[in-house]
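Everything below concerns the one structure shown next.
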């Protein structure tokens with residue numbers, strides 16, 4: 001999928017035996033807002049050729065039906081210890097993009113193991129969640145998904161936070177737009193949409209055992225923004241210390257909207273959160289922080 005998107009070259013996808021950047025679960029809703037591409041696989045075994053501009057880490061045990069992303073952690077950290085140091089050694093100037101789940105904690109692990117500056121280590125985070133979020137909102141409001149600006153932030157998983165207060169439709173704040181048009185949008189509807197986004201990956205896993213296509217499209221869009229220096233905003237997993245009340249000494253990776261380019265994270269735009277949204281984000285950060293303390297990578 002990366003090659004079909006016109007991004008082949010010195011980008012590398014790293015996997016257990018070979019990296020897999022694409023695979024078959026993206027319906028029309030999942031593909032909205034990400035580059036179109038056909039079925040294609042990019043595979044690469046870790047060798048000493050080095051010099052990659054972008055290293056994409058997809059390695060990890062497949063998520064089992066009923067298993068949360070955080071349940072995967074202890075099976076995947078040991079694998080990262082065998083993958084990330086060689087990547088950093090052979091491609092010391094590369095951008096590192098982590099896709100493996102649980103992506104937020106594993107992006108933290110990759111950062112610690114690589115020794116790279118935080119702007120060059122990111123995770124796919126809630127980029128796909130946000131695409132699904134925009135699609136479901138568009139369907140409910142009967143508008144084009146391209147006219148919807150909306151983000152999900154925090155942990156990629158059950159505690160992700162939908163930023164209802166900052167949603168805009170065609171540049172108009174959603175809540176004021178709904179009031180003007182007398183469209184009913186109850187809190188229960190909002191929560192139902194959020195749960196549908198969170199549960200979509202679990203449903204795919206239940207039906208086919210793993211996710212592949214939708215995340216492949218999403219990662220291709222991230223690779224395009226990075227390698228082509230597009231300065232597009234994506235909600236991705238990044239070092240969030242000091243943002244939205246997260247303590248400066250808490251080295252936690254979770255998703256926030258960020259401007260991406262050739263140097264990785266160029267800047268993190270200011271996003272206004274409600275008190276409740278900020279509270280949920282900090283709770284998510286605390287959960288991830290507590291998990292990280294069990295990994296022995298704090299130094």
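The values are calculated or read from the model by the stated rules, or taken from the named source; none is laboratory data. These numbers were taken from a predicted model, which means no experiment stands behind them. Glycine gets a Cβ as well: all are built from the backbone with ideal geometry, and neighbour counts include every protein chain shown.
Assorted remarks:
- If you go through region 133-158 and keep only what is in contact with a helix residue (DSSP H, G or I) (Cβ under 6 Å, 6 or more places away or on another chain) and farther than 12 Å from residue 197 by Cα, you end up with 138, 145, 148, 150, 154, 155.
- Taking every residue in region 74-90 that is in contact (Cβ under 8 Å) with a residue 60 or more places away in the chain and pairing it with any residue that is surrounded by fewer than 17 Cβ atoms within 10 Å (Cβ to Cβ) and not in a helix (DSSP H, G or I), at least 6 positions away or on another chain, the pairs with Cβ-Cβ distances below 7 Å are 77/295; 79/16.
- Among the residues here, residue 281 qualifies as over 15 Å from the mean Cα position of the chain (by Cα) and within 15 Å of residue 156 (Cβ to Cβ).
Residue-wise test of (1) assigned to a strand (DSSP E or B); (2) at pLDDT below 85; (3) in contact with a strand residue (DSSP E or B) (Cβ under 9 Å, 6 or more places away or on another chain); (4) more than 30 Å from residue 119 (Cα to Cα).
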{"position": "175", "(1), (2), (3), (4)": "no, yes, no, yes"}
{"position": "178", "(1), (2), (3), (4)": "no, yes, yes, yes"}
{"position": "185", "(1), (2), (3), (4)": "no, yes, no, yes"}
{"position": "192", "(1), (2), (3), (4)": "no, yes, no, yes"}
{"position": "207", "(1), (2), (3), (4)": "no, yes, no, yes"}
{"position": "219", "(1), (2), (3), (4)": "no, no, yes, no"}
{"position": "238", "(1), (2), (3), (4)": "yes, no, yes, no"}
{"position": "245", "(1), (2), (3), (4)": "no, no, no, no"}
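- Qualifying residue in region 234-248 (condition: over 26 Å from residue 101 (Cβ atoms) and out of contact with any helix residue (DSSP H, G or I) (no Cβ under 9 Å at 6 or more places or on another chain)): yes
- Qualifying positions in region 65-77 - surrounded by 12 or more Cβ atoms within 10 Å (Cβ to Cβ) and either modelled with pLDDT under 75 or over 16 Å from residue 109 (Cβ atoms) (or both): 67, 68, 69, 70, 71, 72
- Selection count, region 101-117, where residues are part of a helix (DSSP H, G or I) and either without any contact (Cβ under 8 Å) to a residue 40 or more places away in the chain or within 18 Å of residue 281 (Cβ to Cβ) (or both): 6
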